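These notes concern the structure reproduced below.
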Amino acid sequence: MTPHFLIHVVRKVAQYMADVLEDSRDKVQENLLANGVDLVTYVTRFQWDMAKYPIKQSLKNISEIMSKQVSQIDNDLKARASAYNSLKGNLQSLERKNIGSLLTRSLADIVKKNDFVLDSEYLTTLLVVVPKTSYPDWQKTYETLSEMVVPRSTKLLFEDQDSGLFSVTLFRKAGDDFKHKARENKFMVRDFQYNEEEMKADKEEMTRLSTDKKKQFGPLVRWLKVNFSEAFIAWIHIKALRVFTESVLRYGLPVNFQAMLLQPNKKNVKKLREVLQDLYKHLDSNATVIDASMDIPGLNLSQQEYYPYVYYKIDCNLLDFK
């Protein structure tokens, strides 16, 4: 297990928490806690968790415990996210059908049974989308667009910002000719058959998906909170472990070093580096900024810089809000 994998999982859980909370993204940060406290507080008050990671075990065993724990969180997240995203995607797909232009949106929640002539061998009702600017033209011409249109049969059923949905009744055999002539006049006939059972099934499916999403939401958020905390704690323990091993590799035995947390303002970083360099240059007289691609035994090669003291960065800003 690499430290990169660990922080990758920590960030993944945090980002998915933000995705799941949707409109409450501003509250995400307060849900991303470690052992019930905010991340900076946890780090600054860090104490090794003897119960989780017994120090009597070898470093290899401790590392393997963390690796298994975080790998399990990663696998569980993939499974839970896949199930929830599928449910959410299906619901959004149905919801999208009920918004948008009258030319494309579902008409199921707009029309009613009494808007149609049903169970007639000869007559049928068509639904026509008419631009608002063309209402007068529609009223003047719809009866003569084809033969066999029932006079005064049109009704305005619904309006959006740009158009209106009109019904018109005519003989079935004149339907194709009417559609063709309507199109020539920029009146668009919607391909719609009134089917009460289908419309009822769609509404029931939307209700079911919405209910299932609400049922899954609470347990999923709780799982994310618990497992974000577990992954973050493992990550900080790995940081502590690396400080220890790197110090032994650098300075040898017996162990004689002190780990410190420093949080400078951005404008003071350069000054702090100069002070630390001056204080600890005697530990390694050859220490200068070194390219991470160079193969130096005992060094953490993912570091971009090498100092006479052991240095690791901890970034508690884990979210990438757009």
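The values are calculated or read from the model by the stated rules, or taken from the named source; none is laboratory data. Quick caveat, the model's predicted, so the values are computed rather than measured. No Cβ is skipped: glycine too gets one built from the backbone with ideal geometry, and neighbour counts run over all protein chains shown. Ligands, DNA and RNA are excluded from the accessible area calculation, which covers all protein heavy atoms including side chains. Shrake-Rupley method; radii C 1.70, N 1.55, O 1.52, S 1.80 Å.
Our estimate of slack between ALA83 and ALA174, defined as 0.36 nm per intervening residue step minus the Cα-Cα distance, is 27.9 nm.
Once both labels are positioned 7 Å from their Cα atoms along Cα-to-Cβ, the gap between ASN317 and LEU21 label points is 1.7 nm. Based on Cα contacts under 8 Å between residues 6+ apart, segment 113-193 shows a relative contact order of 39 percent. Taking amide H positions as modeled 1.01 Å from N, with prolines and chain starts lacking one, the residues under 5 Å from ARG190 and 5 or more places away or on another chain are LEU127, VAL128, VAL129.
The stretch between TRP223 and ARG250, if pulled fully straight at 0.36 nm per residue, gains 5.7 nm over its current Cα-Cα span.
Taking square-rooted eigenvalues a ≥ b ≥ c of the alpha carbon gyration tensor, is segment 139-209 rounded, prolate or oblate, where a/c under 1.5 means rounded and, failing that, a/b exceeding b/c means prolate? It is prolate, given that a/c is not under 1.5 and a/b is the larger ratio. For segment 87-128, applying the loop criterion from DSSP together with a ceiling of 12 other beta carbons within 10 Å to the trypsin sites (Lys or Arg not before Pro) yields LYS112.
In the chain, the C-alpha radius of gyration followed by the widest Cα-Cα span (Dmax) gives 33.4, 103 angstrom.
Taking a ≥ b ≥ c as the square roots of the eigenvalues of the alpha-carbon gyration tensor, segment 38-119 is classed prolate because a/c is 1.5 or more and a/b outweighs b/c. Suppose R0 equals 30 Å. What FRET efficiency, 1/(1 + (r/R0)^6) with r the Cβ-Cβ distance, do MET50 and HIS8 give to the nearest 0.05? Calculated transfer efficiency: 0.65. Rounded to a whole number, what % of the accessible area of the chain do carbon and sulfur atoms account for, probe 1.4 Å? Percent of accessible area from carbon and sulfur atoms in the chain: 51.
At an R0 of 51 angstrom, the distance between the Cβ atoms of ARG183 and GLN92 translates into a FRET efficiency of 0.95.
Given a 10 angstrom Cα cut-off, can you work out which residue in ASN195, ASN75, ASN268 is the most mobile in a GNM of the chain? Top of the fluctuation ranking is ASN268. The mean accessible area for residues of the chain, using a 1.4 Å probe and ignoring ligands and nucleic acids, is 63 Å² per residue.
What separates the Cα centres of segment 112-146 and segment 205-277 is a distance of 65 Å.
Using a cutoff of 8 angstrom between alpha carbon atoms and counting only pairs six or more residues apart, the relative contact order for the chain works out to 22 percent.
As a size descriptor, the averaged projected area of the C-alpha convex hull of segment 129-249 was calculated at 15.1 nm². Out of the chymotrypsin sites (Phe, Trp or Tyr not before Pro) in segment 1-102, which ones are loop residues according to DSSP with at most 16 other C-beta atoms within 10 Å? In loop regions of segment 1-102 (DSSP not H, G, I, E or B), the sparsely surrounded chymotrypsin sites (Phe, Trp or Tyr not before Pro) are TRP48.
List the chymotrypsin sites (Phe, Trp or Tyr not before Pro) within segment 121-228 that fall in a DSSP loop (any state other than H, G, I, E or B) and whose Cβ has at most 12 other Cβ atoms within 10 Å. Answer by residue number: TYR122. Protection proxy ranking, highest mean first, for peptides 269-282, 202-215: 202-215, 269-282, where packing is the per-residue count of other beta-carbon atoms within 10 Å, averaged.
For the chain, the residue among GLY100, VAL129, TYR16 whose Cα projects farthest onto the positive side of the dipole built from Cβ charges is TYR16.
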